[in-house]
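Contents: one structure, followed by commentary.
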Amino acid sequence: MLAVAAVIATLGAAPASAQHVNLQPTYGTITLRTGFEPDPTVVAVQSGGNINANTINSSCAGFIADAPDVRLQFTAGSLPLIISVASQSDTTLIVNGPDGRWYCDDDGGQNMNPSLRFDHAASGQYDIWIGTYGASSLQNAQLNVSELTSQ
């Protein structure tokens, strides 16, 4: 688990032209309030797409879809918010937070899995993309949302 959110690349607040946070998420919307159960909350997804994530910022990696994979509506408390991915493939994670900023990670979790930890999470909408290395290389993945642990 990440002890510090230092590996998070905080990016500019301007939305990327390729990503559309207003599109319906491919795998749905989850609504969670601090203290939620089960923890982690898990969503099965196919990672990847044909859009290069570094069009958001050069710190982002992998290929992602146009629409978010998952939208999280979160009501924060005092615990951290941890968004991570578990997959047999090398995946990346891109999140547009409630502050309008882009957060990216590659391999910040266990093995080759990405993980973002928001120690002082804000309440609001988190749009989440899970990427892969290789355009249109869709891979099975599991999105995990937790206040306790990272994948």
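Points worth noting:
- For first residues located in segment 101-113 and in a loop (DSSP other than H, G, I, E, B) and at pLDDT 95 or above, partners that are β-branched (Val, Ile, Thr) and surrounded by fewer than 16 Cβ atoms within 10 Å (Cβ to Cβ) and lie 6+ apart or on another chain with Cβ distances below 8 Å form the pairs Arg101/Thr10.
- Scanning segment 33-75 for residues that are at positive phi and within 13 Å of the chain's Cα centre (by Cα) returns Gly48, Gly62.
- Cβ-Cβ contacts under 6 Å between residues 6 or more apart (or on different chains), taken from a first residue in segment 17-46 that is within 18 Å of Gly124 (Cα to Cα) to a second residue that is of a type in the set (Ser, Thr, Tyr), are listed as Arg33/Thr75.
- Residue list for segment 57-82, restricted to those being at pLDDT 95 or above and over 18 Å from Thr26 (Cβ atoms): Cys60, Ala61, Phe74, Thr75, Ala76, Gly77, Ser78, Leu79, Pro80, Leu81, Ile82
- Verdict on Ile30 being at negative phi and at pLDDT 95 or above: yes
- Filtered by the rule that a residue be modelled with pLDDT of 95 or more and out of contact with any Ser or Thr (no Cβ under 8 Å at 6 or more places or on another chain), segment 85-99 gives Ala86, Ile94, Val95, Asn96, Gly97, Asp99.
- Residue count, segment 42-99 (criterion: farther than 16 Å from Asn113 by Cα, of a type outside the set (Ser, Thr, Tyr) and in a loop (DSSP other than H, G, I, E, B)): 16
- In segment 47-56, of all residues being free of Cβ contacts under 8 Å to residues at least 60 places away in the same chain and in contact with a strand residue (DSSP E or B) (Cβ under 6 Å, 6 or more places away or on another chain), the one that is surrounded by the fewest Cβ atoms within 10 Å (Cβ to Cβ) corresponds to Ile51.
The values are calculated or read from the model by the stated rules, or taken from the named source; none is laboratory data. What you see is a predicted model; the values in this text were computed from it and never measured. Cβ: placed from backbone, ideal geometry, glycine included. Neighbour counts: every protein chain shown.
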